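The values are calculated or read from the model by the stated rules, or taken from the named source; none is laboratory data. Just so we're clear, the structure is a prediction, and the values are computed from it rather than from any experiment. Here the Cβ positions follow ideal geometry from the backbone for every residue, glycine too, while neighbour counts run over all protein chains shown. Keep in mind that these areas ignore ligands, DNA and RNA; they rest on the heavy atoms of the full protein, side chains included. Shrake-Rupley method; radii C 1.70, N 1.55, O 1.52, S 1.80 Å.
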Amino acid sequence: MSPRYEPTEIEPRWQRRWEESGAFAVRDGDPRPKKYVLVMFPYPSGSGLHIGHAAVYSISDVVARYARMRGFQVLHPMGWDAFGLPAEQYAITHGVHPREAVRRNVDNFKAQLRYIGCSYDWSREIDTTDPSYYRWTQWIFLRLLEKGLAYEAEMPVNWCPALGTVLANEEVIDGRSERGGHPVVRVPMRQWMLRITAYADRLLEDLDTVDWPEFVKRMQREWIGRSEGAEVVFRVEGGGSFEVFTTRPDTLFGSTFCVLAPEHALVSRITTADRRAEVEAYVAAAARKSERERLAADEKEKTGVFTGAYAVNPATGGRVPVWVADYVLAGYGTGAIMAVPGHDARDWAFARRFSLPVVEVISGGDVAVAAHEGDGTLVASGFLDGLDVAAAKRRMTEWLEARGAGRRAVRYKLRDWLFSRQRYWGEPIPVLHRADGRTVPVPDAALPVTLPEVARYEPTGTGESPLGGIPEWVETVDPRDGSPARRETNTMPGSAGSSWYWLRYIDPTNTGSFCDREKERAWMPVDVYVGGTEHSVGHLLYARFWQKVLFDLGLVSHKEPFQRLYNQGVVVAKTWRDADGRPHPAADVDTSGPTPRLRADGRPLTVSLERMSKSKKNGIGIDEAVARTSGDAVRLAVLFIGPPDADKEWTDSSLEGPWRFLLRAWRTVVGPEDGAVALTDAPATGTLRKAVHRAVDGVTRDLEAFGFNTAISKLMVLLNELQAAAPLPRDAAETFVRLLAPLAPHIAEEMWARLGHEDLVCTTSWPVADPAALVDDTVTLAVQVNGKVRGDVTVPAAATDAEAVAAAKAVENVRRHLEGKTIVKEIVVAKRLVNLVVR
RNA sequence: GCCGAAGUGGCGGAACCGGCAGACGCACGGGUUUCAAAAACCCGAGCCCCUUCAUCGGGGCGUGGGGGUUCGAGUCCCCCCUUCGGCACCA
């Protein structure tokens with residue numbers, strides 16, 4: 001055995017030992033209480049794992065290892081979310097088949113997760129691109145189809161000509177593609193949709209039942225965007241009618257015009273002959289505008305045209321002009337609004353611009369200056385006069401319902417989920433289009449519908465999936481009756497496979513079901529779900545939706561999949577960019593002068609803190625960091641740089657402290673290079689014993705609260721105490737090693753073994769603090785005079801307030817400040833301080 | 001613009017319920033070791049001032065800025081500034 005700390009020898013040895021002993025494999029039927037610790041599974045991209053990834057996986061691993069030592073049987077699995085655009089793009093740019101790219105990337109990811117000692121049950125590894133997995137993704141899709149939750153529709157989609165494909169909303173940033181920054185335009189296309197809106201209310205309500213950060217819940221609530229109001233029917237003069245949705249039916253008397261979205265079906269029908277040319281030009285221009293241009297237009301420059309038509313305000317009976325304007329969105333409400341310029345800022349701006357009348361119907365503001373959107377008393381509103389806003393809303397809605405002119409209504413911002421992609425690398429949607437025109441599901445027994453081999457997996461550029469170019473795959477028969485049919489060529493989005501994966505880990509090899517019911521009941525719900533905030537709405541909303549659908553089908557036992565959500569912060573690093581915005585690696589930067597410059601040609605650079613990623617050339621790979629120090633040091637470092645839920649900056653020196661701590665721990669527990677440490681079997685006593693129990697107590701509480709940075713600092717403090725002890729009591733050393741085990745597992749195992757143990761430290765029990773050892777016999781009180789510290793005094797812990805005050809007054813420097821003064825008040829805070837108020 | 005989170009030494013950060021601000025670490029300075037250096041180890045330190053040969057000691061100021069509550073405020077209340085996230089014509 002080497003006397004030196006040699007992580008390159010120690011770490012792989014323990015990794016092997018853990019795997020061979022099946023230390024992290026969980027068995028069904030284990031009588032211990034369960035804990036399901038889940039970390040968001042990664043896209044196995046080609047760039048490998050960097051320090052930012054190490055932070056997430058270290059957090060969930062510490063949670064899992066700690067729970068094991070606390071006596072739980074812990075399910076802590078890992079898998080690969082390998083379908084979707086990133087994997088496909090990588091494959092295209094590197095000229096290899098996505099399946100091959102995924103395999104290589106997975107191997108690389110696994111190796112790197114191994115370097116930092118992640119304690120996964122690898123026997124439960126899943127891969128969303130494996131047919132034995134996506135068979136069940138397809139199977140769940142068919143259940144959605146049966147329940148009417150999947151449907152086809154012509155939808156305006158984000159078409160990216162440069163990528164030759166349709167993008168999801170979350171893949172479009174400011175009208176450009178997330179990857180590559182190419183322009184994106186909106187065109188209608190036949191798409192598969194999932195009716196997530198049918199679950200809007202339940203997705204909203206059940207947020208109250210989960211233990212998630214408030215800000216995530218708020219984001220989801222806002223995303224779902226429930227608003228209550230009324231639909232109101234407006235009759236058009238000369239025939240026809242349209243409905244508007246409003247949250248302010250109380251202001252109906254103040255509606256002086258209506259606005260239709262340019263896409264509204266009624267526009268062309270009601271436009272009068274003299275206005276037709278102008279209206280058509282406006283509608284055409286609006287269609288040409290990308291989403292981005294429409295947004296950029298901002299509130300100040302509202303545009304619109306008059307259709308020439310008039311509608312009847314059902315409350316006043318008066319004529320109101322009908323306009324077309326792109327500030328009204330086709331996709332929300334009814335695509336038409338009643339404009340109330342007196343009490344809506346947008347309508348007010350529009351009315352100003354086009355000189356439309358503004359009427360005050362709620363007192364309390366000055367509608368000549370600005371819209372009054374707040375509360376007040378109804379005026380100029382007939383039967384509503386004198387009511388407040390809330391009462392007027394109710395009265396008006398009743399009035400509309402009684403006359404058949406409207407009704408109470410609820411609307412959501414949430415849209416149905418666009419569920420098809422015109423790409424190769426996704427789950428084929430298991431549907432057949434029969435020659436007779438019927439669209440039918442592929443029978444369950446014929447699943448999975450596997451991806452065919454294809455020569456070109458790039459997008460065709462025409463908008464059709466590459467699958468469309470393989471007649472022998474597309475042309476098939478309906479297995480029910482042998483009649484000819486074409487396969488659906490759309491594939492599912494990347495978020496499909498991740499919308500139920502936590503269930504597959506529970507029963508990953510089941511060929512008869514996506515997950516055994518008994519096992520599901522035993523393991524669900526996920527107790528802690530660790531991941532980044534970037535999935536706060538997308539993934540987490542989809543996942544909850546699928547869970548609820550499966551719950552309604554009686555297939556799972558819980559309405560919510562993730563009981564507790566823990567969001568780790570982003571790891572950022574200095575990013576050097578030139579004038580063109582191109583990033584440069586720190587190694588190429590000369591920072592010796594007043595302005596940082598590129599070494600090669602002296603170009604000036606700017607620095608900013610940005611999320612670590614390969615593309616920004618500001619990342620450091622896990623393998624590189626491990627090679628420089630050790631896997632344990634990397635784990636400690638990413639946990640020590642700051643609180644786990646805050647954003648943290650990684651710098652070159654972030655590894656220093658944790659690395660030295662490990663060297664010091666080794667020297668203290670194992671011994672210096674030239675010898676072994678002197679251990680004694682006599683138990684720790686006195687201050688050392690107190691220090692050990694204080695550390696047990698503190699580290700335990702910190703780990704319970706995800707306070708990894710402070711837990712590590714408490715271990716550093718304990719180590720200082722151990723270093724001073726000679727000989728070192730064995731029990732103190734062993735307790736230290738056990739406390740260290742979840743955080744730095746390799747070195748802890750090695751030290752545990754060298755302390756003479758044959759078992760694994762990761763399977764031993766967590767130490768328990770003796771409460772008696774946590775109380776001190778004496779306490780040091782700060783002594784203040786008029787709130788300023790003038791000294792301190794040590795008294796027995798049992799001292800009374802009077803004794804404490806007496807002792808305080810005896811302190812030399814305190815006495816000086818009391819001289820010639822009268823004490824008017826004496827404040828004693830037990831074990832903390834004495835404050836003497838004088839005059 | 002709206003909503004949310006956060007501003008603490010040169011830096012990352014700590015501080016349970018309002019009770020000695022700066023734990024722990026980095027960088028820094030000094031030292032040990034070394035032919036020398038690296039590594040490692042030990043010691044020091046918020047800033048300013050007084051006292052002192054150096055010490056020891058004492059005082060003032062300090063948690064983005066301004067006000068307030070309190071014996072006492074990083075922590076509570078009001079106003080303002082900055083940074084970072086989210087949403088952004090959702091009627």
- If a residue has to be under 19 Å from the mean Cα position of the chain (by Cα), within 8 Å of RNA strand B (Cβ to nearest atom) and farther than 16 Å from A:N618 by Cβ to count, how many in region A:643-660 make the cut? 2
- For region A:422-444, state whether one or more residues are at pLDDT 90 or above, hydroxyl-bearing (S, T, Y) and out of contact with any strand residue (DSSP E or B) (no Cβ under 7 Å at 6 or more places or on another chain). no
- Checking A:V26 against (1) in a helix (DSSP H, G or I); (2) in contact (Cβ under 8 Å) with a residue 40 or more places away in the chain, the condition it does not meet: (1)
- Message: Name the residue that is modelled with the highest pLDDT, counting only residues in region A:614-640 that are within 11 Å of A:L49 (Cβ to Cβ) and outside any helix (DSSP H, G or I).
- Response: A:G621
- Answer residue from region A:774-788, given it is of a type outside the set (D, E, K, R) and outside any strand (DSSP E or B) and is least open to solvent (accessible area, probe 1.4 Å) among those: A:G787
- Item | Members of region A:445-489 that are in a loop (DSSP other than H, G, I, E, B), among the hydrophobic types (A, V, I, L, M, F, W, C) and at pLDDT 90 or above | A:V449, A:L451
- Mind listing whichever residues of region A:642-659 are open to solvent by 50 Å² or more (accessible area, probe 1.4 Å) and either under 16 Å from A:H50 (Cα atoms) or outside any loop (DSSP other than H, G, I, E, B) (or both)? A:D647, A:E649, A:D652, A:S653, A:E656, A:W659
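If we scan region A:376-397, do we find a residue that is of a type in the set (S, T, N, Q), within 15 Å of RNA strand B (Cβ to nearest atom) and assigned by TED's automatic domain parsing to the domain that holds A:C258?
Within region A:376-397 (the criterion being of a type in the set (S, T, N, Q), within 15 Å of RNA strand B (Cβ to nearest atom) and assigned by TED's automatic domain parsing to the domain that holds A:C258), the answer is yes, since at least one residue qualifies.
Let me confirm something: among A:R288, A:R235, A:R269, which residue is out of contact with any helix residue (DSSP H, G or I) (no Cβ under 9 Å at 6 or more places or on another chain), open to solvent by 50 Å² or more (accessible area, probe 1.4 Å), farther than 19 Å from A:R403 by Cβ and touching a residue at least 12 places away in the same chain (Cβ under 8 Å)?
Values: A:R288 fails: touching a residue at least 12 places away in the same chain (Cβ under 8 Å); A:R235 fails: farther than 19 Å from A:R403 by Cβ.
Every option except A:R269 fails the conditions.
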- Enumeration of residues in region A:670-702 that are within 13 Å of RNA strand B (Cβ to nearest atom) and over 22 Å from A:P7 (Cα atoms): A:A691, A:R694, A:A695, A:D697, A:G698, A:V699, A:R701, A:D702
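Which residue is surrounded by the fewest Cβ atoms within 10 Å (Cβ to Cβ), if the candidates are limited to region A:749-769 and must be free of Cβ contacts under 8 Å to residues at least 60 places away in the same chain and over 14 Å from A:S21 (Cα atoms)?
Here is the first cut: in region A:749-769, the residues free of Cβ contacts under 8 Å to residues at least 60 places away in the same chain are A:752-753, A:756-759, A:761.
Now drop any that are not over 14 Å from A:S21 (Cα atoms), which leaves A:752-753, A:756-757.
Details: A:W752: 23, A:A753: 19, A:G756: 9, A:H757: 14.
Out of the qualifying residues, it is A:G756.
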- Note on the structure: Quick count over region A:367-404, residues being under 11 Å from A:F253 (Cβ atoms), under 43 Å from the mean Cα position of the chain (by Cα) and open to solvent by 60 Å² or more (accessible area, probe 1.4 Å), is 0
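Test of understanding: among A:T575, A:T533, A:T606, A:T595, which residue is within 15 Å of RNA strand B (Cβ to nearest atom), without any contact (Cβ under 8 Å) to a residue 40 or more places away in the chain and hydroxyl-bearing (S, T, Y)? Spell out how you get there, then give the answer.
Values: A:T575 fails: without any contact (Cβ under 8 Å) to a residue 40 or more places away in the chain; A:T533 fails: without any contact (Cβ under 8 Å) to a residue 40 or more places away in the chain; A:T595 fails: within 15 Å of RNA strand B (Cβ to nearest atom).
The match here is A:T606.
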- Considering region A:405-448 alone, what residues qualify as being within 30 Å of A:A230 (Cβ to Cβ) and over 33 Å from the mean Cα position of the chain (by Cα)? A:A405, A:G406, A:R407, A:R408
- Item | Number of the condition not met by A:R564 [criteria: (1) over 26 Å from A:P644 (Cβ atoms); (2) surrounded by fewer than 17 Cβ atoms within 10 Å (Cβ to Cβ)] | (1)
- Going through region A:684-709 in order, the residues found to be crowded, with 17+ Cβ neighbours inside 10 Å and among the polar types (S, T, N, Q) are A:T700, A:N709
- With the condition kept exactly as written, say whether any residue in region A:452-461 is open to solvent by 20 Å² or more (accessible area, probe 1.4 Å), away from RNA strand B (no atom under 16 Å from the Cβ) and among the hydrophobic types (A, V, I, L, M, F, W, C). yes
- Could you please let me know if A:A330 is crowded, with 21+ Cβ neighbours inside 10 Å and small (G, A, S)? no
